Amino acid sequence: MSTPRARLAILASGGGSNLQAILDHLRSLGAASPAEVVLVISDRAAAGALDRARAAGIAAVHLPASASHTLAALLEAQDITHIALAGYLRLVPAEVITAFAGRIVNIHPALLPAFGGPGMYGRHVHEAVLASGARVSGATAHFVDTRYDEGAIIAQSPVPVHADDTPATLAARVLAAEHQLYPRVVAALCAGTLSLGSDGTVRGAPPVS
Ligand code: GRF
């Protein structure tokens, strides 16, 4: 009796390139894929992530921030088992984070714990990295808990910072690293080979090819 595939929801506010990377990776796994993306939710009706979901024949739901209190019921109605935040800029209700403890992850475009926390999103992150003089940046996949960017780190993918980098050129280099790292983390989580121990330690972080 094979384990039923995980039912994955993606929450995104932007263009959805991480969503697309996850879809493409799971599709590349074919019958061995441990998950099916069954729901994409965005707080922005015009989000490219919703367009990508529709193009893939996946339920695409605009959930305004004012209706975020209905998120738990929406996830339950779709029998969601795992959640991946992919550029989601809204707070996830604590009841959802608690209910999905160890089954909700996020991708951050810097090497946490540095350059994380309030206001550290999008180009603000890369501006801060460049202003700091750091010579390395990268992507961090982590579990989500109510401390948000402070959840247990799962895996990181470093990229060099070039002397002539702009926030845009650094963002593009980090985004490419995200697209390699995040789908493999999400797949490992849904396959059960990656987990969050009750002691807060991460078990089975996936190899990044
Ligand atoms: C990514 O840079 C991700 O690290 C951050 O938001 C951005 C989402 O980009 N959380 P996209 O919508 O996946 O293209």
Counting only protein heavy atoms with a 1.4 Å probe and every protein chain in place, the carbon and sulfur fraction of the accessible surface of the range 1-133 in whole percent equals 57 percent
Name the residue farthest towards the positive end of the dipole of the chain from the options Ala46, Pro183, His62, assuming +1 on Cβ of Lys and Arg, -1 on Cβ of Asp and Glu, about the Cα centre. Pro183
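What does the charge dipole of the chain about its Cα centre add up to, to the nearest 20 debye, if the Cβ of each Lys and Arg holds +1 and the Cβ of each Asp and Glu holds -1? The partial results should precede the final answer.
On the way: 14 positive and 15 negative charges, 64 e Å.
Rounded to the nearest 20 debye, it is 300 debye.
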Give me the distance in nm between label points sitting 7 Å out from Cα along the Cα-to-Cβ direction at Ala172 and Ala55, one decimal. 1.9 nm
What does the accessible area per residue of the chain come to in Å², with a 1.4 Å probe and no ligands, DNA or RNA counted? 46 Å²
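Over the chain, consider all pairs of different Cα atoms and compute the Kirkwood hydrodynamic radius from their mean reciprocal separation; express it in Å, one decimal.
Details: mean 1/r = 0.0582 Å⁻¹.
After inverting the pairwise mean of 1/r, the radius is 17.2 Å.
How much length, in nm to one decimal, is gained on full extension between Ala101 and Ala163, taken as 0.36 nm per residue of separation minus their Cα-Cα distance? Don't skip to the answer; put the middle values down first.
Working: separation 62, 0.36 × 62 = 22.32 nm, distance 3.99 nm.
Value of the extension gain: 18.3 nm.
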Would you kindly compute the Cα radius of gyration of the range 23-87 and its largest Cα-Cα separation (Dmax), both in Å? 12.5, 38
Give me the distance between the Cα centres of the range 145-189 and the range 81-96, rounded to whole Å. 17 Å
Under a 10 Å cutoff between Cα atoms, tell me which one of Ala67, Ala56, Ala152 has the largest fluctuation in the Gaussian network model of the chain. Ala67
Using θ = phi - 60° and Karplus 6.51 cos²θ - 1.76 cosθ + 1.60, couplings along the range 95-102 (whole Hz; Gly, Pro as x): 4, 6, 4, 5, 5, 10, 3, x
Cα long-axis angle, helix 123-132 against the chain (0 to 90 degrees, to the nearest 10): 30 degrees
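Efficiency by 1/(1 + (r/R0)^6): what FRET value for Thr146 and Arg123, r their Cβ-Cβ distance, R0 = 22 Å, to the nearest 0.05? Write out the running numbers ahead of the final one.
On the way: r = 26 Å, r/R0 = 1.18.
It comes to 0.25.
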With every protein chain left in place and a probe of 1.4 Å, what is the accessible surface of Asp24, to the nearest 10 Å²? 70 Å²
Are there trypsin sites (Lys or Arg not before Pro) in the range 114-209 that DSSP puts in a loop and that have at most 11 other Cβ atoms within 10 Å, and which ones? Arg135, Arg147
In degrees, nearest 10, range 0 to 90: what is the angle between the Cα axis of helix 167-191 and the longest Cα principal axis of the chain? 30 degrees
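The values are calculated or read from the model by the stated rules, or taken from the named source; none is laboratory data. A quick note: this is a predicted structure, and the numbers were derived from the prediction, not measured. Positions of Cβ are generated from backbone atoms using ideal geometry, with glycine treated the same way; all protein chains shown enter the neighbour counts. Side chains are part of the model used for accessible areas, which takes the heavy atoms of the whole protein and leaves out ligands, DNA and RNA. Shrake-Rupley method; radii C 1.70, N 1.55, O 1.52, S 1.80 Å.
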